[in-house]
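Structure record follows, encoded as C-alpha cells.
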C-alpha cells in the first residue's frame, strides 16, 4: 500500500511526527501528497517546535506562512552569538518574541551592553554585573497584512537604532558569510603582529559547532590585503589594525549590519585605529547546562563548571569567560569570549590543573582571608594566568601563578598571586523574563 492510499487523518498523524526536512521530501513524493502542503495542522505543529502556537500577533497569518517564511529560515538564530570584533569581542542574543497588543511578534536580536567602569571601580573586584539587553535588530512580518496583501509572506529585517523615535527604524541586513582565511594584524613600532583569530583551535571550546546557520544562501567574503597601505608608515606613532589573508581558515559565520552601522555602536569602544573594511563575523556561542550539583558533593566533577561566566576585569569592566574542562589533560581553562586591549577575546585568561592543591596555611594568608569571606569550604587548583601590556604582542605576554577557588556551583575566585589581587566570577544562567530596557550603561 502506498502512503497516499492511507486515510487522510492517518497521513496527517504521520506527517506531524516527522522532522520538517522529511515532511518536505514526503510532500514532494506524489501529486496527491503535494496537495497537503497547505494543511495547517502540519505547519502549526512544526511552528510549535519553536514555541509558536498562536499567530494572533503575527497578523493572524497561516502557519504555513509563519513556518516557511519566518521560522524555517530564521529560527536557527535563536540563542547567543559571539562577535570577532578586534580585542573586545561582542555578544548578541536572539529570542522569539511572541508579540502582544502593542508589538508584532518577531525574532529579536539584542546586543549585550555593560556599564562603562568608573575610575573608582578599578579598586573594586566585586561589581561584576549582568548585561543590559539593547534591541538591535528585528525579523518579522508587517503588522497589518490586510493593508497590503502582497506583503503577507514578506519577512522584513529592521534595524533598531538607539533612539525612541519609531520613524528612525530602518532596514537591516543578515547574511551568512562563507568560510574565509581573512585575518587581522596589528602594525606597531615594534613590527607587525597577527591578532588572535576568533575562533582559533584549541581555544575555541566556546564555539557551538552543532548549531545551524540561518537557511540563507552563503555570501562569499572577498579577501582583502591592506599591507600596501602600511608602506608609507613603517613605524607608526600609534598601533593600527589592518586586514590581510592568513593560513588559518575561519568557519562560516553570521553578519549583521545596516547602512548606518548601528550594531557597531553597541560594541565597546576600541582604542586602536581600525582599518579593516569588512563587517564583524558572529559565531554560535555554546551555552552548557548548569547542573545543580554542590561542588563539595561526591558526584561533583570539574566538568560541572563548563559554561559562560561573568567577571569584572577592573578598568575594563565586565567581561564574559567560557570555562572549559579538558578531560584528557585534567585542566580547567578560562577562555575570553569578550576581552580588552590587554588580553583580547579568544585568548586564554587562566589555565589550572585539577589535581588536589596543597597550600601552606600561611601562604598568601591575608589575600585569602579577605577574598574568601571566611568561607569554610572551597576547592583550590593551581595554574597560570595571562597578563599583557596593551596590544597583546607576543613579547608582552606573561604567564603568572594563579589559584582557582571553587566557592559554589555558581561562584569562583581566581587569585593572581604576584599582583596580590583576585577576581570574582559568577555563572551566567540566562534570563527567565523579558528584560526592560536599562539606561545606566548608556
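Tell me, please, whether a residue that is without any contact (Cβ under 8 Å) to a residue 40 or more places away in the chain and farther than 30 Å from residue 289 by Cα can be found in segment 183-194.
For segment 183-194, residues without any contact (Cβ under 8 Å) to a residue 40 or more places away in the chain and farther than 30 Å from residue 289 by Cα: present.
Determine whether residue 190 is under 24 Å from residue 72 (Cα atoms) and surrounded by fewer than 19 Cβ atoms within 10 Å (Cβ to Cβ).
Numbers: under 24 Å from residue 72 (Cα atoms): no; surrounded by fewer than 19 Cβ atoms within 10 Å (Cβ to Cβ): yes.
So residue 190 fails the test.
Being surrounded by 14 or more Cβ atoms within 10 Å (Cβ to Cβ) and in a loop (DSSP other than H, G, I, E, B) is the filter; apply it to segment 144-168 and report the residue that is modelled with the highest pLDDT.
Checked segment 144-168; the qualifying residue modelled with the highest pLDDT is 155.
State yes or no: is residue 343 in contact with a helix residue (DSSP H, G or I) (Cβ under 7 Å, 6 or more places away or on another chain), in contact (Cβ under 8 Å) with a residue 12 or more places away in the chain and either outside any strand (DSSP E or B) or under 21 Å from residue 197 (Cα atoms) (or both)?
No; evaluated as a whole, the condition is false for this residue.
Is one or more of the residues making up segment 334-356 modelled with pLDDT under 95 and surrounded by fewer than 17 Cβ atoms within 10 Å (Cβ to Cβ)?
Yes - at least one qualifying residue is present in segment 334-356.
Which residue is modelled with the highest pLDDT, if the candidates are limited to segment 277-295 and must be over 18 Å from residue 325 (Cβ atoms) and surrounded by fewer than 19 Cβ atoms within 10 Å (Cβ to Cβ)?
277
What number of residues within segment 97-138 satisfy the criterion of being under 16 Å from residue 160 (Cα atoms) and either part of a strand (DSSP E or B) or modelled with pLDDT under 80 (or both)?
Adding up the residues that qualify gives 17.
Residues being part of a loop (DSSP other than H, G, I, E, B) and either touching a helix residue (DSSP H, G or I) at 6+ places or on another chain (Cβ under 6 Å) or at negative phi (or both): count how many of those fall in segment 312-340.
8
Could you tell me whether any residue of segment 40-54 is free of Cβ contacts under 8 Å to residues at least 40 places away in the same chain, part of a loop (DSSP other than H, G, I, E, B) and farther than 30 Å from residue 185 by Cα? Please lay out each step first, then the result.
Keep residues of segment 40-54 that are free of Cβ contacts under 8 Å to residues at least 40 places away in the same chain, which gives 40-49, 53.
From what's left, part of a loop (DSSP other than H, G, I, E, B): 49, 53.
Narrowing further to those that are farther than 30 Å from residue 185 by Cα: 49, 53.
Yes; the residues of segment 40-54 include at least one that is free of Cβ contacts under 8 Å to residues at least 40 places away in the same chain, part of a loop (DSSP other than H, G, I, E, B) and farther than 30 Å from residue 185 by Cα.
Got a sec? Which of 412, 404, 367 is in a helix (DSSP H, G or I), buried (at least 17 other Cβ atoms within 10 Å of the Cβ), touching a residue at least 24 places away in the same chain (Cβ under 8 Å) and in the same structural domain as residue 323 (by TED's automatic domain parsing)?
On the way: 412 fails: in a helix (DSSP H, G or I); 404 fails: in a helix (DSSP H, G or I).
Step by step, each of 412, 404, 367 is checked, and only 367 is in a helix (DSSP H, G or I), buried (at least 17 other Cβ atoms within 10 Å of the Cβ), touching a residue at least 24 places away in the same chain (Cβ under 8 Å) and in the same structural domain as residue 323 (by TED's automatic domain parsing).
The values are calculated or read from the model by the stated rules, or taken from the named source; none is laboratory data. This is a predicted model, so every value here is computed, not measured. Note: ideal-geometry Cβ built from the backbone for every residue, glycine included; neighbour counts use all protein chains shown.
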